[in-house]
Amino acid sequence: MTSQKQRPRLAVFKLASCDGCQLSILSLEEDLLLLDQAVDIAYFPEASSRMEDGPYDITLVEGSISAPEHIEQIKNIRAQSGLLVTIGACATAGGIQALRNGADVADYVATVYAHPEYIQTLKDSTPISEHVKVDFELWGCPIDKEQVRHFLSDLLAGVEPRFPEHSLCMECKRQEHLCVLVAKGEPCLGPVTRTGCGAICPAMGRACYGCFGPAEVSFPAGREHANADALASRFSEALHLSNDEVLRRFKGINSHASAFKETAGKWQKMEENKHE
C-alpha cells in the first residue's frame, strides 16, 4: 500500500469568494473519499481541521484578489505550490466582485458600511493570474464537480488535463435543447460561453448568463475568443435590447474576462455618448 508521504500533497485555499467552488469539491461525496486515498489532503479548512504547512504538490485556489492582504497571500501560496490551479470565476476572472472595477470604490464602501474607515480593499478585483503564474484554470460559477473529478484524475494518472473550450451551443445541440436565442428571442450568451455546466439554463428554457467565461476557438494561426461583439450586435439589432441591456449581459459574472470586458466597454461608451 502506498505510504502517505509518497502521495501528492493537496491544498485548497480561499481568497475573496463565496465558498461555492469548494462546496462543489465537497459534493464529490464518495469520490472525495477515494481522492483522499490517492492524495494527501494537507490543507482544506472547508473540509477538515487538519491544516498542514507546505510545500504542496497541487494547490487549488478559490477567490479573487480583492484586498491588500490577498496579494502577499497568493505570492506565499505560489511559493509553496508545485502546481497552482485557480478554481471558479472569481479566481480566473475576478468574479462578480469585479463589477466594481472602474467605479469609485470609496463611494460603494461609504454607502454599504457604517464605518468605512475600517474597510481595506483594492480598487479593482482581479484574477490570480494577474499576480502570479497559474498552471491551470477551472472556470465556472461555481465549478462543476465532474470537471474537478476529471481534472484530478488526469493529473494523478500523469495525463495532461484538457478542458472543453467550445461554446455552450454544442452542448445544447447534443442534448437537443430548443435554442432560446433563435426560437424564443432570449439574449443568450451560450454562443460565446464555454461549455462546462451541462447547459443548465437553456435546458430550463432560460438564457445562458456566461458563468463559464468566454469560449475559445482554435485556428491554425492560434486561438481566439468567440466573437462577443457580433453577439452583442445581434442583441441590439434583432432582439432590440437597449445599449444598457446589452451592456448588462456582458458585465456580469465574468465581466473582467478580456472578451466580455472589451465588448462591455464598447457598449458602455455608446450608452455614455447617448447621454452627452
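Taken together, the values in this text are just the output of simple stated rules run on the coordinates, not laboratory data. A quick note: this is a predicted structure, and the numbers were derived from the prediction, not measured. Here Cβ is always computed from backbone atoms with ideal geometry, including for glycine, and neighbour counts include all displayed protein chains.
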(request) Among the lysines, select those whose C-alpha is under 16 Å from the C-alpha of Lys261, and discard any that sit fewer than 8 residues away in the same chain. (result) Lys251, Lys269
(request) Sticking with the crude label model, points 7 Å out along Cα→Cβ, report the distance from Gln175 to Glu160 in nm, one decimal please. (result) 3.0 nm
(request) On each of the three principal axes of the Cα atoms of the range 1-98, give max minus min coordinate, whole Å, ordered largest first. (result) 46, 28, 21
(request) Give me Ile65, Ile119 ranked fewest to most by other Cβ atoms within 10 Å of their Cβ, as a rough exposure proxy. (result) Ile119, Ile65
(message) For Cα pairs less than 8 Å apart in space and 6+ apart in sequence, what is the mean separation divided by the residue count of the chain, i.e. the relative contact order in percent?
(response) 15 percent
(message) So, R0 is 25 Å and r is the distance between the beta-carbons of Glu69 and Ser258; what FRET efficiency does that work out to, to 0.05?
(response) 0.40
(request) With unit charges on the beta carbon (Lys/Arg positive, Asp/Glu negative), name the residue among Val180, Pro68, Ala103 whose Cα is farthest towards the positive pole of the charge dipole of the chain. (result) Val180
(request) Among DSSP beta bridges whose residues both lie in the range 4-157, state the antiparallel percentage, nearest 5. (result) 15 percent
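Provide the FRET efficiency to the nearest 0.05 for the Asp229-Asp19 pair, computing r from the beta carbons and using R0 = 41 Å.
Working: r = 34 Å, r/R0 = 0.84.
With a Förster radius of 41 Å, E is 0.75.
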(request) Could you grab the Rg to Rh ratio for the range 46-202? Cα atoms only, Kirkwood for Rh. (result) 1.04
(message) Just want the ordering: Met51, Met270, from fewest to most Cβ atoms lying within 10 Å of their own Cβ.
(response) Met51, Met270
(request) Under a 10 Å cutoff between Cα atoms, tell me which one of Ala11, Ala215, Ala42 has the largest fluctuation in the Gaussian network model of the chain. (result) Ala42
(message) Just to verify a number: FRET efficiency for Lys274 and Ser49, C-beta to C-beta distance, R0 = 35 Å, to 0.05?
(response) 0.05
(message) Residue by residue through the range 178-185, what is 3J(HN,Hα) from phi via Karplus (6.51 cos²θ - 1.76 cosθ + 1.60, θ = phi - 60°)? Round to whole Hz and write x for glycine and proline.
(response) 5, 6, 6, 6, 7, 7, 10, x
(message) Using the basic label-point model (7 angstrom from Cα toward the beta carbon), what is the Leu239 to Asp36 distance in nanometres?
(response) 4.5 nm
(request) Kindly count the pairs of lysines across the range 4-157 whose alpha carbons are less than 26 Å apart, treating pairs on different chains or eight or more residues apart as eligible. (result) 10
(request) Could you work out, for the chain, what percent of all Cα-Cα pairs fall into each 10 Å distance bin, beginning at 0 Å and stopping at the bin that holds the largest distance? (result) 6, 26, 32, 23, 10, 2, 0, 0
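At a 10 Å Cβ-Cβ cut-off, how would you order Arg249, Arg223, fewest neighbours first?
Arg223, Arg249
Do me a favour and compute the ellipsoid semi-axes for the range 168-274 from its Cα gyration tensor, root of five times each eigenvalue, largest one first, whole Å.
Details: eigenvalues 94, 63, 27 Å².
Sorted largest first and rounded, they come to 22, 18, 12 Å.
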